[in-house]
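Participant: Mind having a look at this structure? Questions to follow.
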Amino acid sequence: MTIINRGLHPSQQTDWITWSNPQNVGNSNLVLTGASILIDVMPYPGTILSGKVAATGVSNAMQLQIGLHRFVSGAGLTLITVGISNLVLQNLSVSGPIGFSGLPTAGSTLLSFLAGDVIYLQTSGSNGAATSLVLELVVKKTQDIVSYNGVATN
């Protein structure tokens, strides 16, 4: 069911997903090249509208790719790149927060997710690391009645 309540304010149609790696736990908090980081399990279908990334303590030119893990019955696990890839991380002190606006065209299926999809972050590059990393995504619900882990809300 699409959002049909015309009085539903846009702020009620969007959610913010924020992920950051643990801080102040020694070297175990480093985000390294080749890491696959699970960000969130989506409890409802929707679309990614925008996102931002900020990092400190970046070595080399680490790159990020954001995607979805989707389980398809009979086919197994499918990895889907949501169209945000090769985002080069830079130090926050040098560049400020890095916003990525290079999303596919609005309405692209590469930005859509289903209930149960897992949003992930994949790092790549040559022997890079970051001491702290923050990812923020803005997502829009495609239904006005959603379920959060099996509990329906209005």
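Participant: So if R0 is 30 Å, what FRET efficiency would Asn127 and Ser73 give, r being the distance between their Cβ atoms, rounded to the nearest 0.05? Present the calculation step by step, with values, prior to reporting the outcome.
Facilitator: On the way: r = 39 Å, r/R0 = 1.29.
The value I calculate is 0.20.
Participant: So for the pair Ala61, Leu38, with labels modelled 7 Å out along Cα→Cβ, what separation do we get in nm?
Facilitator: Rounded to a tenth, the inter-label distance reads 3.3 nm.
Participant: How many nm separate the modelled label positions at Gln12 and Glu136, each set 7 Å beyond the Cα in the direction of the Cβ?
Facilitator: Each label point lies 7 Å from its Cα, and together they span 2.4 nm.
Since every read-out is calculated from the coordinates, none of them should be taken as a lab result. Just so we're clear, the structure is a prediction, and the values are computed from it rather than from any experiment. Cβ sites come from the backbone with ideal geometry, for glycine too, and all protein chains shown count toward neighbours.
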